[in-house]
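The values are calculated or read from the model by the stated rules, or taken from the named source; none is laboratory data. Model, not experiment: these values are computed from the prediction. Methodologically, a virtual Cβ is constructed for each residue, glycine included, from the backbone with ideal geometry; neighbour enumeration extends over all protein chains shown.
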Amino acid sequence: MPSRDVAVTGLGLVTPAGIGVESTWSTVLSGRSTTTLDPVLAGNPVQISCRVPGFDPAAHLGARRAHRLDPFVQYAIVATREALTDARLSPGEWESARVGVVLGCALGGTATFEKEHRSHLDHGPERVSPLVLPMHLSNMLSGQIGIEFGARGPNLVVSTACASATTAIGLARDLLLLDRCDVVITGGSEACLTPLVMAGFAQMGALSRRNHDPASASRPFDEDRDGFVGGEGAGILVLERTRDAAARRVPVRARVVGYGASADAHHMTASHPEGRGIRAALGSALADADAAPREIDHVNAHGTSTPMNDAIEAAALSSMLPHRPWVTSTKGVTGHLFGAAGGVEAALTILTMVHGEVPPTANLARLDPAVDLAVPQKATPAQVRLAVSTSVGFGGQNAALVLASG
């Protein structure tokens, strides 16, 4: 049987923790929250968020190019550049028809859509930009990456809500194993910290209300958690078949050895109370990796900081991984990046293996007594050979990856 694992040869990150892999990893490892008051959300019931710091679109992309792209695409282009450099791939030298793009995104260009909708209401249809749809549509995320880097293979965006990027990575792996591509750019990107979107989440009761204390608002698995904090950014991985990476003699950061997905078929926003879908996705990923539960050294959990999600996920993880591997949620630092979360968290899981250090869960002052997990409160040295990254989305969509050290 041919190997079912694929190599991760490149990583790129644009997150609230920093622009670039090194900056993001340093902040995540420090356990410093990036949540601040957000002037864009002034007047909303929740006025805090985790934004990418100091991002200058014109400096990264040129003024004309930046003007024609919504931030969710801008972030992805910058992260993809870093990932391709890391993978030692030059778009001018590859067989472009064999390079695929599979990215996750939940909401698309909401900033553009809200801006142009306001223009329509205030000034009429003649003032609406002809770019509103090309900038807003979710599929333009992968489309623009294909244009920017000359990738002419399969090109698609996956939308499974907050599981989108993890689903995308699983499908990207499938394309390689089916020999449809030789290289796939995957992960996810999101930039939906707009008044309308965040008002919607607030009205659902999903967001932390700690406007008075932003830095402590995102606190996964903590007894006093009261909701998530919205974030933005992109996490990009370059995948190749392991044998192709070996032939190119490039370093392999990690391997994607297992993928599982499931649907709760239960509720449009709440996970099944017994975590059936999370368990099914994780079980499928372990079986795909031919890995026993006891072999898992670390879990980067979905861990949103909502009372219900954290409790359900914790129960599922503790029942399936009773040997108590280190479990962390990096959303305490970055906030919840929605459709991009799985891409960023897969990259952070890989960095945990590379550096041999498990990041802390920020703001974890008192572990919820109902959470039977080993959750570090500070950066913890550990040898991580096999790790899991989990994601959960509205609609009951679940996805899990098993990642192995390179």
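Structure notes:
- Residue check, residue 53 touching a Leu at 6+ places or on another chain (Cβ under 8 Å) and surrounded by fewer than 24 Cβ atoms within 10 Å (Cβ to Cβ): no
- Criterion violated by residue 85 - all others in (1) in contact with a helix residue (DSSP H, G or I) (Cβ under 9 Å, 6 or more places away or on another chain); (2) assigned to a helix (DSSP H, G or I) satisfied: (1)
- Residue in the stretch 179-191 that is closer than 16 Å to residue 235 by Cα, assigned to a loop (DSSP other than H, G, I, E, B) and either in contact (Cβ under 8 Å) with a residue 60 or more places away in the chain or hydroxyl-bearing (Ser, Thr, Tyr) (or both) present: yes
- Index of the failed condition, residue 90 passing every other in (1) among the polar types (S, T, N, Q); (2) under 21 Å from residue 334 (Cα atoms); (3) part of a loop (DSSP other than H, G, I, E, B); (4) in contact with a Leu (Cβ under 9 Å, 6 or more places away or on another chain): (2)
- Meets criteria (acidic (Asp, Glu) and closer than 19 Å to residue 348 by Cα) for residue 232: yes
- Some residue of the stretch 121-129 being of a type in the set (Lys, Arg) and either within 19 Å of residue 71 (Cα to Cα) or in a helix (DSSP H, G or I) (or both): yes
- Hits in the stretch 219-238 - residues which are part of a strand (DSSP E or B) and over 16 Å from the mean Cα position of the chain (by Cα): 222
- Residue 40 crowded, with 24+ Cβ neighbours inside 10 Å and hydrophobic (A, V, I, L, M, F, W, C): no
- Exactly one residue among 303, 332 is over 18 Å from residue 399 (Cβ atoms), touching a Ser or Thr at 6+ places or on another chain (Cβ under 9 Å) and either modelled with pLDDT of 95 or more or assigned to a helix (DSSP H, G or I) (or both), and that residue is 332.
- Residue within the stretch 14-29 that is farther than 21 Å from residue 190 by Cβ, free of Cβ contacts under 8 Å to residues at least 40 places away in the same chain and within 21 Å of the chain's Cα centre (by Cα) present: yes
- A search for C-beta distances below 7 Å between a residue of the stretch 193-207 that is farther than 10 Å from residue 46 by Cα and any residue that is in a helix (DSSP H, G or I), counting only pairs 6+ apart in sequence or on different chains, returns 193/40; 194/110; 194/111; 194/114; 196/114; 197/110.
- Among (1) among the β-branched types (Val, Ile, Thr); (2) surrounded by 15 or more Cβ atoms within 10 Å (Cβ to Cβ); (3) in contact with a strand residue (DSSP E or B) (Cβ under 8 Å, 6 or more places away or on another chain), the one test that residue 85 misses: (2)
- Against the numbered list (1) within 18 Å of residue 83 (Cβ to Cβ); (2) of a type in the set (Gly, Ala, Ser); (3) surrounded by fewer than 18 Cβ atoms within 10 Å (Cβ to Cβ); (4) under 23 Å from the mean Cα position of the chain (by Cα), residue 205 comes up short only at (1).
- Those residues of the stretch 88-122 which are surrounded by 20 or more Cβ atoms within 10 Å (Cβ to Cβ) and at positive phi, in sequence order: 108
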